[in-house]
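Working notes for the structure below.
All of the numbers you see were taken from the coordinates with simple rules; none came from a lab. As the structure is a computational prediction, the values presented were derived from the model and not from experiment. Reconstructed Cβ throughout: ideal geometry from the backbone, glycine too, with neighbour counts over all protein chains shown.
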Amino acid sequence: MRLKQRGQILIVVAILLLVVLFFLAVIIDGARLMVERHELNRAADAAARAGLGVVGDQMVTQVVQAQTAAAINLCTPIPENNLLTPEGFKPPPTCTPTPLPSDFYAWLTDRHRATLVSPGMQTSVASQVQAYADNNNLGLSNPDVTELEVTYPYEHHANDRDLNIYVRIRRQVTVLFVGLLGIDQGEFSGDTKQSIPQRK
């Protein structure tokens, strides 16, 4: 009778050990997959910021050009004694007011804003995002990465305050222990929407 009980206890312990190992495998893989997803989201955030860096650089260039042009074309009033010329009376020039130098967004015109969403700028932004992803082994050159989606400008309307970019990175992940159940790989994605202001 005692020998029979020992055999039953051994079977129960073996089954419990398998169940505990299974749950341990699920916990380890689950934690690893959560970390993987978090890393993909962070990588997508950083890649989107790299793309918006191109837009920010272009905005700074446009503002500096506008401020330089305004400084070159300063409106200097003509002294009163020069108003009368051989051709007759010459009115003083009209001065166009310019924004304060510190008022960055006021220097951006609608023409400037149109170039920020032009096809050439879209290509530059997408190229910067792809270069950032490639440099961090999350580009399409990595065989585990199945998709790198860049949408710029994202949900754009002409009078929007911000310019938005959307980036999604999708990657295959090898599952370690749950592979015992026949699940060898999973596909995870990290995505983000980032923005940069173009108006106050």
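If each residue of separation counts as 0.36 nm, what is the full-extension length gain between VAL19 and ARG111 once their alpha-carbon separation is subtracted?
On the way: separation 92, 0.36 × 92 = 33.12 nm, distance 6.61 nm.
Difference between extended and current length: 26.5 nm.
If Lys and Arg each add +1 and Asp and Glu each add -1, what is the summed charge of the other residues whose beta carbon sits under 13 Å from the beta carbon of GLY30?
Working: positive: ARG32, ARG37; negative: ASP29, GLU36.
For residues surrounding GLY30, the net value is 0.
If you stretched the chain out fully between THR151 and ILE11, how much longer would it get, using 0.36 nm times the residue separation minus the C-alpha to C-alpha distance?
Going from the current span to full extension adds 44.6 nm.
With a sphere of radius 12 Å drawn around the Cβ of ASP162, what net charge do the other residues whose Cβ falls strictly inside it have (Lys, Arg +1; Asp, Glu -1)?
+3
Please list, in chain and number order, the residues 5+ apart from VAL175 or on another chain whose amide H is under 5 Å from its amide H, with Hs placed from the backbone.
GLN185, GLY186
Which order do the peptides 149-161, 49-61, 9-21 come out in when sorted by mean C-beta neighbours inside 10 angstrom, highest first?
Taking the mean over residues of other Cβ atoms within 10 Å, the ranking is 49-61, 149-161, 9-21.
Would you kindly derive the ³J(HN,Hα) couplings of region 39-46 from the backbone phi angles with the Karplus curve 6.51 cos²θ - 1.76 cosθ + 1.60 (θ = phi - 60°), listing them in order in whole Hz, with x for Gly and Pro?
5, 5, 5, 5, 5, 5, 4, 5
Please work out the FRET efficiency for the pair ALA158 and GLU187, using the Cβ-Cβ distance as r and a Förster radius of 41 Å; give the result to the nearest 0.05. Could you put the intermediate results ahead of the total?
On the way: r = 37 Å, r/R0 = 0.90.
In this case the efficiency is close to 0.65.
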